[in-house]
Each structure stands twice: as C-alpha cells, then as structure tokens.
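For reference, the structure discussed in these notes is given below.
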Amino acid sequence: MSGPIGITRRLGELLLGTEPRLRGRLTMCLLANSLYLGWLLFIALFIVPRGLVSPGVGQFLMAHQLIALITFYPLVRSGLTHHWSDPGLVLPQIAWACLALVVGYAVSPIGRAVSLQTMSLIVVFGFLSLRPRAAVWTGIGMICMLLGMLVWCILSRQENFEPRLQTLIIVTTCFILALLTWQSHGFAMRRKRMSADRKALAAALQEVEVLMQHDTLTGLYNRQHLQTRLEAERERARAGGHRFCVALIDLDHFKLINDRHGHAMGDHVLVAFARQAQAVLRETDTIARWGGEEFLILLPDTEPVDKAGIALRRLQASLRGAPISDAEPNMRVTFSAGVAEWAKGESIEQLLDRADAALYDAKRQGRDRAVQAPLPLPAHPAPP
Ligand SMILES: Nc1nc2c(ncn2[C@@H]2O[C@H](COP(=O)(O)OP(=O)(O)OP(=O)(O)O)[C@@H](O)[C@H]2O)c(=O)[nH]1
C-alpha cells in the first residue's frame with residue numbers, strides 16, 4: 001500500500017508496533033509523553049521566564065519531564081519490559097508524574113492551580129491497567145505524598161501557602177483520591193475475574209473440541225473427525241496429484257473375546273490395539289475408531305512403494321509379538337483389513353465402499369490378512 005494511508009500505517013507500526021497489546025501500552029505511553037512534552041514547554045516558555053518558580057525548581061521540573069520523555073516510551077517500545085509484571089511501566093510512570101506534581105504544588109502557586117486535578121486524572125488512567133494491589137498502593141502512595149507535602153509546607157512556612165485553606169483542599173483531595181482508588185481496585189478485581197473466566201472458557205472450549213474430535217474409549221480420533229481429514233486429503237491429492245490410501249480394519253472374532261472374557265476385556269483389547277497401532281504407524285498417518293471394533297487408517301503419500309501394506313504388516317507383527325493383556329498373556333488379536341488407494345475423480349464415499357468390499361474379501365479368505373481393493377474401472381462414455 002502506498003500514498004498517505006500507507007505512510008501513516010507504516011509510521012503507526014514504527015511507533016506502536018503490530019502486536020495489539022503492545023500497541024495499547026505504547027498508545028498510553030505516547031499520551032503520557034504528550035503531557036510531559038506540554039509541561040516541559042509550558043515550564044520552559046512560560047513559568048521560568050516569568051519567574052513563577054525559582055530557577056532551581058524550574059530546572060528540576062524540566063529535567064523531570066525530560067527524563068520521563070526519554071525513558072518510559074523507549075523502554076516499552078524496545079520490548080525489554082515485555083515479560084515484566086508491569087510491561088507498560090504504568091506504576092513507575094504514575095509515581096514519577098506524581099512526584100513532579102507534588103513538588104510543583106509545594107513550591108509554586110501556579111502548580112497549585114493544576115496539580116490536584118492532574119493527579120486525579122492519573123488515577124483514572126490507572127483504572128484502565130493497574131492490577132488490584134497496585135491500584136491500592138498507588139492510591140495510598142498518592143495520599144501519603146500529598147499529606148507529607150502538606151505537613152512540609154506548613155512546617156517550612158512556604159510562601160503564599162495558606163495553611164487552613166490548603167489543609168481543606170488537600171484533605172478533600174485525599175478523600176476523592178481514596179474513593180477513586182477504591183473504585184480502581186474494584187475495577188481491577190473485575191478485570192482480573194473476567195480474565196480468569198476468559199481463560200477457563202478457552203480451556204473448556206479446547207476440552208470440548210478434543211471431546212468432539214476423539215473417541216472416549218480409545219482416545220483415537222473419531223469417525224467425524226477422520227471424515228473431515230479424508231475430505232481435506234482428497235483436496236490435497238487432487239491439487240498436488242499425489243496418492244493416498246485408506247485401510248479399513250476389523251478385529252477378528254471380536255465377539256468371541258467379549259463372550260469369553262467379558263465386555264471389560266473387550267474394551268481393554270480395543271484400547272491396547274489403538275495404542276499398538278499408534279506406536280507403529282508413521283506420524284503422518286491418521287488412525288480413527290470407525291465404530292465398534294472397526295478402525296480406519298488414512299495413509300497419505302503412499303507412493304512409490306506399498307507403504308500401506310508395509311504399515312499393516314508392521315502392525316500385524318507387533319500384535320503377534322506382544323501380549324495384548326497382562327491378565328491373559330496367551331491371548332492374541334488379529335485383524336483383517338481392506339486397503340483402497342484413492343483414484344482420481346473418486347469421492348470419499350466410493351473410496352470407503354471399495355475398502356469395505358476388500359475388507360469383506362479379507363474376512364471371506366480366512367481373516368488375519370489385508371486385501372488390496374482393485375482400482376475402479378474407468379467410467380465409459382455413455383453409448384450414443
Ligand atoms: N467390548 C466392546 N465390544 C464392542 C464394542 N463395540 C462393539 N463391540 C462388539 O464387537 C462385536 C463385533 O462382533 P461381530 O461384528 O459379529 O464380528 P466379530 O466377532 O469380530 O467377527 P468377524 O468380524 O467376522 O471376525 C459385537 O459383539 C459388539 O458387541 C465396544 O466398544 N466394546
């Protein structure tokens with residue numbers, strides 16, 4: 001994008017970055033910086049030349065604004081504070097600004113005209129980002145600063161400082177600050193609770209997603225999820241011109257296991273089979289419980305060798321080699337499988353029908369084997 005909009009966007013990215021939370025923090029920093037800059041100019045061009053404060057106090061206040069200008073924004077923008085508990089440096093910025101305001105109030109009548117309102121504004125800023133405890137300490141810190149300053153002004157008999165009037169003003173301000181702090185704390189607590197609720201909701205959603213995609217007994221993907229993956233693999237194969245296979249597996253004589261050893265043992269066998277299958281399959285293969293004692297494996301990129309056949313033979317060997325249950329060490333489980341390679345133009349339903357027919361053949365031929373489904377005959381053009 002070019003032109004004024006593009007330039008503005010690039011400038012915005014340069015100043016604020018692209019990460020939304022960092023942008024929020026930096027926006028607040030820049031807002032504070034504009035106040036620091038405004039104050040710096042006001043002190044340099046108006047307050048000091050007119051002698052409204054002593055040169056020493058003027059220099060202190062200007063140095064104070066300058067340090068804030070060159071410290072907070074660059075620190076936050078550099079990303080250095082990213083992992084700190086207060087990444088936007090909200091608390092240090094509030095403390096720093098309050099220090100100048102209190103000094104300004106103590107030493108200059110003009111400071112008195114603006115300091116207290118600005119302090120209240122700062123607490124309102126804190127509303128938006130402080131944590132509950134930080135909000136309370138900010139309020140307490142401000143009130144202590146103001147009361148300390150009041151005592152100091154009275155004891156040192158500051159010029160143009162009318163003790164009774166100022167005590168009334170400061171005590172009223174402290175009362176307002178306490179109320180604002182209380183509100184700020186409540187607001188921060190609500191934000192904290194909302195954030196915890198959001199996290200719990202995200203975790204629950206993730207759990208629901210896992211439950212929706214998985215079979216509760218074996219922990220494998222369920223039929224619905226594999227259907228989605230099959231469709232995606234078909235699209236990928238269509239676009240890329242490569243091959244994939246499916247293997248429909250059915251445990252042999254599973255009813256006998258249930259009848260002889262009980263349903264719980266049947267469940268245990270299903271879980272053990274799922275674990276063995278996951279252990280021997282490639283990471284890119286996906287196995288799902290298709291229903292009952294049936295499983296379906298999606299084997300992508302099965303060329304140029306017979307990768308589906310290799311995977312199934314590996315699974316057969318591992319089932320033969322290891323007992324499936326410690327309680328029944330002699331029990332062995334075999335399976336029959338129908339393997340079908342996707343043919344161009346074929347739907348997933350047609351592919352699964354061919355795998356099912358091949359599985360039926362494997363059962364008919366005596367079980368404990370895998371049968372490869374023949375490729376579908378090319379569709380003949382309709383006779384004229
Ligand atoms: N324990 C258990 N059994 C199940 C589950 N789902 C289905 N079954 C049982 O699996 C058995 C499947 O039996 P059949 O379809 O007759 O097949 P088979 O005994 O495996 O025989 P072939 O497939 O012909 O080798 C039935 O008895 C179902 O009750 C399950 O989640 N747990």
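The values are calculated or read from the model by the stated rules, or taken from the named source; none is laboratory data. Remember, predicted model here, so these are calculated numbers, not experimental data. Glycine also receives a Cβ, built like all others from the backbone with ideal geometry; neighbour counts cover every protein chain displayed. Protein only, heavy atoms only, side chains kept; ligands, DNA and RNA dropped before computing areas. Shrake-Rupley method; radii C 1.70, N 1.55, O 1.52, S 1.80 Å.
General remarks:
- Residue among Leu99, Leu52, Leu66, Leu75 that is surrounded by fewer than 19 Cβ atoms within 10 Å (Cβ to Cβ) and not in a helix (DSSP H, G or I): Leu52
- Per the listing Arg229, Arg164, Arg236, the residue uniquely more than 26 Å from the chain's Cα centre (by Cα), assigned to a helix (DSSP H, G or I) and under 30 Å from Phe335 (Cα atoms) is Arg236.
- Within the option set Ala308, Ala279, being touching a residue at least 24 places away in the same chain (Cβ under 8 Å), away from the ligand (no atom under 16 Å from the Cβ) and more than 24 Å from Ala373 (Cα to Cα) holds for one residue only, Ala279.
- Gly345 open to solvent by 40 Å² or more (accessible area, probe 1.4 Å), within 16 Å of the ligand (Cβ to nearest atom) and at pLDDT 85 or above: no
- Positions within the range 267-276 being within 9 Å of the ligand (Cβ to nearest atom) and either acidic (Asp, Glu) or touching a residue at least 60 places away in the same chain (Cβ under 8 Å) (or both), in sequence order: Asp267, Val269
- Contact map, the range 247-266: residues that are among the polar types (S, T, N, Q) paired with residues that are crowded, with 17+ Cβ neighbours inside 10 Å, Cβ distance under 7 Å, separation 6+ or inter-chain. Pairs shown: Asn258/Gly266.
- Elements of the type strands (runs of 3 or more DSSP E) sitting completely within the range 282-342 and holding at least 2 residues that are more than 11 Å from Leu248 (Cβ to Cβ): these cover 286-291, 294-300.
- Restricted to the range 226-260, and to residues there that are within 16 Å of the ligand (Cβ to nearest atom) and open to solvent by 90 Å² or more (accessible area, probe 1.4 Å), the residue that is modelled with the lowest pLDDT is Arg260.
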